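The values are calculated or read from the model by the stated rules, or taken from the named source; none is laboratory data. Note that the structure is predicted; figures quoted are calculated from it, not measured. Glycine gets a Cβ as well: all are built from the backbone with ideal geometry, and neighbour counts include every protein chain shown. Note: accessible area is taken over every heavy atom of the protein model, side chains too, but ligands, DNA and RNA are not part of it. Shrake-Rupley method; radii C 1.70, N 1.55, O 1.52, S 1.80 Å.
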Amino acid sequence: MKKKSFCWAIALLAGLVACSEPAVKQIAYPVADVRSVIDREATLGLADEIAGVEYVPLKETDDDASLIDGVLDYAVTSRYIYVMPVQEPRIVLYDRQGNFVKTLLREGQGPGEFAGLVFAIQADEANDRLYLFGSHIWIYTLEGEFISQTKLDAPMAYMQKIGTDRYAAVAMPFIPFQSGSFGIGVFSEKGEMLYHKNDFYSNLLPKEKTGFTVHLAKALAPDAASLLFKAGNNDTVFRVQADSVSVACVLDLQNSDEEVIRSLDATDFSDIQGMKRSNREIFVWDIFETPSRFYFRCRYNQGFHVVSIDKKTNEVVAEKCEQPGTLEELAKTTLQHGMLGTRSYQNFPIWGRTCGNELVQIVTPAEVDYYKELGTITIPQELQDLGTDGNPVFLFYKLKE
């Protein structure tokens with residue numbers, strides 16, 4: 001977490017760009033009364049969407065380069081797993097069986113090296129491309145051959161490719177919109193802003209103080225053709241596409257004015273982690289999407305719940321997550337919080353993100369060990385003998401068509 005904050009501070013030094021805002025498409029979308037179900041005892045139906053699961057531990061060798069200190073970000077293809085460790089500025093390559101291949105890219109000025117902030121990676125198997133996003137857009141082949149790099153003038157918190165020469169991006173927090181923050185937008189491969197949306201205002205806060213804070217949620221769609229985005233100040237979940245912004249769904253959270261202000265006051269650094277938040281506020285921490293449903297992991301009432309919304313029927317279900325300790329304690333075992341999820345498949349907590357027809361989950365040996373004493377979950381045999389140290393394990397859930 002400290003590393004991320006440091007990276008943000010550096011990126012704030014970059015310049016800003018501006019362009020016209022797109023019209024928000026009005027289409028049919030589900031509206032979910034989250035507040036009415038959040039306190040009910042329920043179990044989600046994620047099992048109905050899963051055909052099977054594969055367990056892939058990242059294997060260690062005599063080469064110290066095979067050891068990683070955790071996963072800050074990752075990308076997967078049918079052949080490879082690309083890992084960006086938490087503290088080491090490099091990209092580590094494993095095959096889909098978890099065998100260590102090599103350090104594919106590292107920080108530096110020479111061949112096979114990158115210089116600058118990196119906050120996300122993405123693999124495009126169909127076009128043989130690996131993308132690194134940060135202070136630049138770096139493009140390589142999947143085997144690590146350098147293609148190009150483009151410096152970004154707008155400070156980003158997140159970026160992903162969503163189409164040919166189209167990149168969806170979320171602006172850096174704590175820059176007021178009227179000072180130049182683009183909010184959410186789409187850029188070209190050359191770093192040119194094509195359109196943006198930054199009218200996330202509220203009558204509760206002066207416009208000159210309004211911008212994003214860290215209270216945001218975002219996720220790439222399974223087909224990598226759009227980006228889901230939610231700011232903490234309102235209930236709308238937007239879909240950023242190559243040429244438009246549309247409404248994906250609306251969550252009826254009924255949060256307080258204080259929560260809206262917390263999510264929008266770009267000049268207030270006093271509660272960045274939201275520790276002063278009331279137990280009754282519902283804060284969307286992160287998102288993933290399957291072909292039939294949206295899943296939102298929400299912080300609420302000193303714990304976490306996963307809320308699921310059916311895209312066609314508008315059915316809303318919430319399940320309370322098993323949580324053996326505080327977030328601060330869990331953060332010592334992983335940044336992904338992979339087991340802070342739903343027990344609806346084989347009674348093992350699941351949370352992750354969708355990549356094509358797979359839901360990808362990451363757990364660490366320390367995290368699994370921390371959860372073992374709960375007695376209310378089932379640890380699969382494949383995860384029973386991990387110990388407490390060692391590399392993470394990737395779980396690949398095959399989603400039904």
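Of note:
- Evaluating ILE362 against the criteria (1) β-branched (Val, Ile, Thr); (2) modelled with pLDDT of 95 or more; (3) assigned to a loop (DSSP other than H, G, I, E, B); (4) within 19 Å of VAL71 (Cα to Cα) leaves one unmet condition, (3).
- Taken over the stretch 88-144, the criterion of being more than 16 Å from TYR167 (Cβ to Cβ) and charged (D, E, K, R) is satisfied by GLU88, ARG90, ASP95, ARG96, LYS102, ARG106, GLU107, GLU113, GLU125, ASP128, GLU143.
- Of all the residues in the stretch 353-366, those that are open to solvent by 10 Å² or more (accessible area, probe 1.4 Å) and closer than 22 Å to GLN384 by Cβ number 2.
- Extreme residue, most open to solvent (accessible area, probe 1.4 Å), among residues of the stretch 59-78 that are of a type in the set (Asp, Glu) and more than 20 Å from the chain's Cα centre (by Cα): ASP62
- Residues being over 25 Å from MET84 (Cα atoms), assigned to a loop (DSSP other than H, G, I, E, B) and charged (D, E, K, R) are entirely absent from the stretch 327-337.
- Applying the condition of being in a loop (DSSP other than H, G, I, E, B) and either in contact (Cβ under 8 Å) with a residue 40 or more places away in the chain or under 20 Å from the mean Cα position of the chain (by Cα) (or both) to the stretch 140-163 and asking which residue is surrounded by the fewest Cβ atoms within 10 Å (Cβ to Cβ) yields ASP153.
- The sole residue among VAL24, VAL86 that is at pLDDT below 95, among the aliphatic types (A, V, I, L, M), over 24 Å from ALA126 (Cβ atoms) and touching a Leu at 6+ places or on another chain (Cβ under 6 Å) is VAL86.
- Summed over the stretch 378-401, residues that are part of a loop (DSSP other than H, G, I, E, B), among the aliphatic types (A, V, I, L, M) and modelled with pLDDT of 95 or more total 1.
- Options VAL37, VAL56, VAL31, VAL17; residue that is under 18 Å from VAL170 (Cβ atoms) and either at pLDDT below 95 or open to solvent by less than 40 Å² (accessible area, probe 1.4 Å) (or both): VAL17
- Hits in the stretch 80-104 - residues which are part of a strand (DSSP E or B), closer than 25 Å to MET172 by Cα and in contact with a Gly (Cβ under 7 Å, 6 or more places away or on another chain): PRO85
- Test: ARG262 is farther than 22 Å from TYR158 by Cα and modelled with pLDDT under 95: no
- Figure legend. Inter-residue proximity from the stretch 357-369: first residues within 23 Å of ALA224 (Cα to Cα) and touching a residue at least 24 places away in the same chain (Cβ under 8 Å), second residues polar (S, T, N, Q) and open to solvent by 10 Å² or more (accessible area, probe 1.4 Å), beta-carbon distance below 7 Å, spacing 6+ or different chains. Indicated pairs: ILE362/GLN336.
- Pick from the stretch 96-116, criterion modelled with pLDDT of 95 or more and out of contact with any strand residue (DSSP E or B) (no Cβ under 6 Å at 6 or more places or on another chain), ranking: nearest to GLY356 (Cα to Cα): ARG96
- All strands (runs of 3 or more DSSP E) inside the stretch 174-245 with 1 or more residues being among the hydrophobic types (A, V, I, L, M, F, W, C), over 22 Å from the mean Cα position of the chain (by Cα) and farther than 28 Å from GLN336 by Cβ: 193-197
- Scanning the stretch 292-317 for residues that are of a type in the set (S, T, N, Q) and open to solvent by 10 Å² or more (accessible area, probe 1.4 Å) yields SER292, ASN301, GLN302, THR313, ASN314.
- Identity of the residue in the stretch 79-129, hydroxyl-bearing (Ser, Thr, Tyr) and within 17 Å of GLU60 (Cβ to Cβ), that ends up farthest from the chain's Cα centre (by Cα): THR103
- Unique match (being surrounded by 18 or more Cβ atoms within 10 Å (Cβ to Cβ), without any contact (Cβ under 8 Å) to a residue 60 or more places away in the chain and either among the hydroxyl-bearing types (Ser, Thr, Tyr) or not in a loop (DSSP other than H, G, I, E, B) (or both)) among ALA120, ALA126: ALA120
- Complete set of residues in the stretch 241-273 that are over 23 Å from ALA169 (Cβ atoms), without any contact (Cβ under 8 Å) to a residue 60 or more places away in the chain and open to solvent by less than 20 Å² (accessible area, probe 1.4 Å): GLU259
- Single residue of the stretch 47-76 satisfying the filter (among the acidic types (Asp, Glu) and in contact with a Ser or Thr (Cβ under 8 Å, 6 or more places away or on another chain)) that is farthest from GLU401 (Cα to Cα): GLU60
- Candidates in the stretch 320-336 are the residues that are touching an Asp or Glu at 6+ places or on another chain (Cβ under 8 Å) and open to solvent by less than 30 Å² (accessible area, probe 1.4 Å); of these, the one that is nearest to PHE288 (Cα to Cα) is THR334.
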